[in-house]
Amino acid sequence: MRRAVLAIGLGLALVVSACGRGDGDEVSRGGGLCGDPALVGSVSGYLPNKLAGCGVEKAVRLEAVHGVRLSRPATLDCPTARAVGHWVDQSAKTAVGRMGGGLKGLRVAAHYVCRTRNHRPGARISEHGRGKAIDISALLLDDGSEISVLRDWDRGHQGRILRRVHGDACGPFGTVLGPESDRHHRDHFHFDTAKHRGGPYCR
């Protein structure tokens, strides 16, 4: 009888364990987030919606990508978290290079929040409300300095870095907005993974 109980208990434990690891879209066996060991954070799971159209089915809290820390954890879905990782690894770190000792962090201006686009009454739900968007206002360097979107967009070498990483984001992200898109984005980059019929929308 005792052996039977132990066998049943072990079987249930294996089933629970398998369920916890079964969704490779959230956590890899190696411990990385969203199947990518270079992404660091935790799984939040389902985030219910407060408004129709908001909510995230499988949310994660992203804290760092490829050794670059976020100024605060960002709640995103996995495709968006992986897009941030791709952009940091393939563009931002290279563009900054050795300036200020290299890229250390990203200043996160916004991530998941249930709201309409640009906070306009009656507008469509923002991709922020679906966990598909992140706003970046500055690149943080190892020596404590930063490259600010608001201050440095038109300033010499810093401006060229910002314009390069802004352009490189077009593709990994479906929507890329910056200071020259409209007045709402003069102080930050908006990146989201929405899909558009004509391909990425980048301004």
Fill in the blank from the handout: Scoring only Lys, Arg, Asp and Glu (+1, +1, -1, -1) among other residues with Cβ under 10 Å from the Cβ of G159 yields +3
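Where does the charge balance sit around H185 when Lys and Arg score +1, Asp and Glu -1, over other residues with C-beta under 9 Å from its C-beta?
Details: positive: R183, R186, R203; negative: D135, E180, D182, D187.
Spelling it out: positives minus negatives among the neighbours equals -1.
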Completion exercise
Whole-percent tail of the Cα-Cα distance distribution for segment 23-202, cut at 23 Å, equals 38 percent
Practice task
Could you tell me whether segment 137-199 comes out rounded, prolate or oblate from its Cα gyration tensor? Rule is a ≥ b ≥ c as square roots of the eigenvalues, rounded for a/c under 1.5, then prolate if a/b exceeds b/c, otherwise oblate.
Solution key: prolate
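Kindly rank 38-44, 187-193, 86-92 from highest to lowest mean number of other beta carbons found within 10 Å of each residue.
Working: 38-44: 18.3, 187-193: 23.1, 86-92: 20.3.
Put in order of decreasing packing, that is 187-193, 86-92, 38-44.
Report the calculated FRET efficiency for T94 and R124 (r = Cβ-Cβ distance, R0 = 30 Å), to the nearest 0.05. Walk me through the numbers on the way to the answer.
On the way: r = 35 Å, r/R0 = 1.16.
So the FRET efficiency works out to roughly 0.30.
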Practice task
Step through the residues of segment 34-51 one at a time and calculate ³J(HN,Hα) from phi using the Karplus curve (6.51 cos²θ - 1.76 cosθ + 1.60, θ = phi - 60°), rounding each to whole Hz and writing x for Gly and Pro.
Solution key: 6, x, 10, x, 7, 9, 10, x, 9, 8, 9, x, 6, 10, x, 9, 8, 10
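Here, each number is a calculation from the coordinates, and none is a lab measurement. Keep in mind that what you see is a predicted model, and the values were worked out from it rather than measured. When we count neighbours, we look across all protein chains shown, and the Cβ atoms used for this are built from the backbone with ideal geometry, even at glycine.
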